[in-house]
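Throughout, read-outs are computed from the coordinates displayed, never taken from laboratory work. The shown structure was predicted, so the numbers you read here are calculated from the model rather than taken from an experiment. Cβ coordinates were reconstructed from backbone atoms using ideal geometry, including for glycine residues, and neighbour counts include every protein chain displayed.
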Protein chains: 2
Amino acid sequence: MENIITSKDNPTVKLYQKLSSSKKERLQYGLFVLEGLRIVEDALKEESGITQLILTEKAYERYGEELLQADLRNTRTIVISNELGNRISSTDSPQGVFAMCRIPVQRKVSDITVSGGKYLVLFGLQDPGNVGMMIRTADALGISGVIMSGSCDLYSPKVIRSTMGSVFRMKIAVENDAEMLFEALKQAGAVTSAAVIDKDAVPVTDCSFEGTQAVFIGNEGNGLPAEIAQRCSRRVIIPMHGNINSLNAAMAAGILMWELSK
Amino acid sequence: MENIITSKDNPTVKLYQKLSSSKKERLQYGLFVLEGLRIVEDALKEESGITQLILTEKAYERYGEELLQADLRNTRTIVISNELGNRISSTDSPQGVFAMCRIPVQRKVSDITVSGGKYLVLFGLQDPGNVGMMIRTADALGISGVIMSGSCDLYSPKVIRSTMGSVFRMKIAVENDAEMLFEALKQAGAVTSAAVIDKDAVPVTDCSFEGTQAVFIGNEGNGLPAEIAQRCSRRVIIPMHGNINSLNAAMAAGILMWELSK
């Protein structure tokens with residue numbers, strides 16, 4: 001086994017913690033962090049630019065052989081004490097498997113849109129767990145791509161964790177300027193649908209989703225801004241029988257993606 | 001304002017904490033806890049047997065007038081210090097509104113089933129957040145009732161919080177004996193569908209959900225036990241295009257409930 005790092009002042013350990021907690025640091029270094037065996041395995045499988053693998057002593061014994069079979073030519077590996085692992089972990093029962101990963105070049109809407117594609121637009125989403133779950137569901141249902149606009153940082157550890165590895169498989173673009181977003185979707189020939197809870201919107205069950213489609217989902221608490229909903233080709237509603245506040249944003253997005261992908 | 005309780009040894013405060021952390025204590029006292037303004041308001045609105053309202057000083061000033069307008073004839077109210085509120089809260093930014101609530105008489109499957117009803121059976125679900133989200137979605141989509149079998153405690157604080165008040169509106173039955181469960185669903189004339197991820201199951205898109213229907217969802221990690229899936233009238237699958245592990249149990253349940261309720 002390699003030298004075991006025990007000091008919390010170790011530069012790699014300190015960098016990991018900085019990248020964990022700060023978007024600014026992530027942008028500055030162009031790196032984000034991963035935690036957990038499965039997501040690190042997924043990243044290695046998808047050749048996602050892991051620059052640094054960090055294993056606790058225990059994880060090295062348990063998963064080392066398996067993990068070190070991957071192509072690690074561009075990856076440094078260090079082993080840290082189990083205590084240090086507990087310190088840098090953001091979960092209650094850490095597996096002791098951590099990594100730093102290069103943030104890929106940010107894709108524009110035009111980079112990921114194709115004719116006939118089905119897209120989910122996350123407009124002003126702030127809950128990392130929700131955003132991750134939506135990306136994960138988009139992957140499962142075969143959605144062509146996810147576009148993030150004014151939403152939380154895709155590379156925050158909570159978003160990454162909640163995607164369960166789908167972040168490495170999905171086509172994801174970021175466009176924070178609403179003007180540019182609508183222009184790019186127009187260029188792509190997309191019909192835009194705003195998911196709203198207004199009674200006068202078109203029930204999803206009456207909508208055709210043929211051709212290129214982009215469905216806008218709004219903020220968890222406030223939904224889509226009225227001016228954004230009005231700019232879309234149509235406003236659609238998931239008919240609800242019970243309490244209208246009961247469908248959370250991720251679940252609404254899931255049902256809409258299901259209708260898109262059928 | 002009433003006397004402000006500052007001691008962590010106050011019997012009500014101690015009872016609240018016991019009920020928060022232990023199913024055994026909840027069963028013994030027949031009580032469960034609520035935290036948060038909205039869910040406490042929901043419980044008051046639905047006359048859900050709140051026996052004790054606990055407000056921090058700050059919450060008393062802020063929400064007291066509003067909350068104390070409810071029918072509180074059978075409810076004691078105490079005011080505690082803000083510090084004590086932080087201590088008993090299970091959230092990072094506590095609103096300071098807590099309550100204890102009587103656990104209702106447990107309903108049997110036959111108590112909640114009607115001809116033509118649509119039911120969700122949670123079989124072996126263990127993640128409280130998932131269970132709460134499913135109950136919340138069932139409420140939104142107008143599902144007739146939820147049946148819990150071998151799943152986590154409905155009255156754990158995390159489940160209750162994740163239901164966002166839907167726990168007071170949904171018809172929920174508990175039947176932990178699989179034999180009794182199938183017998184009761186047979187008596188109700190229900191077609192039973194097992195949600196699985198086996199390629200040879202019937203795609204949901206090819207299923208009719210007319211008449212009385214019960215859809216079984218299995219454990220987050222392991223799915224439904226094979227013998228339970230085989231006992232159902234049919235095995236159904238949500239066709240997935242991407243990574244088959246990407247649809248989590250709550251999202252799968254949401255899509256199935258959507259199809260049930262359409």
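Which residues, taken from segment B:186-219, are part of a loop (DSSP other than H, G, I, E, B), over 17 Å from B:Val146 (Cα atoms) and out of contact with any Lys or Arg (no Cβ under 6 Å at 6 or more places or on another chain)? Before you say what the answer is, go through the steps one by one.
Step one: filter segment B:186-219 for residues part of a loop (DSSP other than H, G, I, E, B), giving B:188-190, B:196-201, B:207-212, B:218.
Subsequent filtering for residues that are over 17 Å from B:Val146 (Cα atoms) retains B:196-201, B:207-208, B:210.
Within segment B:186-219, B:Ile197, B:Asp198, B:Lys199, B:Asp200, B:Cys207, B:Ser208, B:Glu210 meet the criteria.
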Original post:
Does B:Asp127 satisfy the criteria of being among the acidic types (Asp, Glu), touching a Cys at 6+ places or on another chain (Cβ under 9 Å), in contact (Cβ under 8 Å) with a residue 60 or more places away in the chain and closer than 30 Å to B:Ser261 by Cβ?
Top reply: yes
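Yes/no matrix, rows are residues, columns are (1) polar (S, T, N, Q); (2) surrounded by 19 or more Cβ atoms within 10 Å (Cβ to Cβ); (3) within 14 Å of another protein chain (Cβ to nearest Cβ):
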{"residue": "A:Val121", "(1), (2), (3)": "no, yes, no"}
{"residue": "A:Gly124", "(1), (2), (3)": "no, yes, no"}
{"residue": "A:Ala138", "(1), (2), (3)": "no, yes, yes"}
{"residue": "A:Ile143", "(1), (2), (3)": "no, yes, yes"}
{"residue": "A:Lys158", "(1), (2), (3)": "no, no, yes"}
{"residue": "A:Thr163", "(1), (2), (3)": "yes, yes, yes"}
{"residue": "A:Val191", "(1), (2), (3)": "no, no, no"}
{"residue": "A:Asp200", "(1), (2), (3)": "no, no, no"}
{"residue": "A:Asp206", "(1), (2), (3)": "no, no, yes"}
**OP:** Would you mention how many residues in segment B:162-197 are within 30 Å of B:Ala43 (Cα to Cα) and touching a strand residue (DSSP E or B) at 6+ places or on another chain (Cβ under 7 Å)?
**Re:** 9
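Answer yes or no as to whether A:Asn248 is under 25 Å from B:Met133 (Cβ atoms) and away from chain B (no Cβ under 14 Å).
no
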**OP:** Only residues in segment B:153-174 that are touching a residue at least 60 places away in the same chain (Cβ under 8 Å) and of a type in the set (Ser, Thr, Tyr) count as the first member; pair them with residues that are surrounded by 22 or more Cβ atoms within 10 Å (Cβ to Cβ) and not in a helix (DSSP H, G or I), Cβ under 6 angstrom, at least 6 apart or cross-chain, and list the lot.
**Re:** B:Tyr155/B:Phe32
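Determine, yes or no, whether B:Glu179 is away from every other protein chain (no Cβ under 14 Å), surrounded by fewer than 21 Cβ atoms within 10 Å (Cβ to Cβ) and over 30 Å from B:Val13 (Cα atoms).
Numbers: away from every other protein chain (no Cβ under 14 Å): yes; surrounded by fewer than 21 Cβ atoms within 10 Å (Cβ to Cβ): yes; over 30 Å from B:Val13 (Cα atoms): yes.
So B:Glu179 passes the test.
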Subject >> Extreme residue, farthest from the other protein chains (Cβ to nearest Cβ), among residues of segment B:220-245 that are assigned to a loop (DSSP other than H, G, I, E, B) and among the polar types (S, T, N, Q) >> reply: B:Ser233
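Have a look at A:Gly64, A:Gly129, A:Gly165, A:Gly124 and point out the one that is farther than 20 Å from A:Ser20 by Cβ, small (Gly, Ala, Ser) and under 17 Å from the mean Cα position of the chain (by Cα). Walk me through how you get there before you give the answer.
Working: A:Gly64 fails: under 17 Å from the mean Cα position of the chain (by Cα); A:Gly129 fails: farther than 20 Å from A:Ser20 by Cβ; A:Gly165 fails: farther than 20 Å from A:Ser20 by Cβ.
Of A:Gly64, A:Gly129, A:Gly165, A:Gly124, the one residue that is farther than 20 Å from A:Ser20 by Cβ, small (Gly, Ala, Ser) and under 17 Å from the mean Cα position of the chain (by Cα) is A:Gly124.
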Subject >> Enumeration of residues in segment B:158-192 that are under 19 Å from B:Phe209 (Cα atoms) and not aliphatic (A, V, I, L, M) >> reply: B:Phe182, B:Lys186, B:Gln187, B:Gly189, B:Thr192
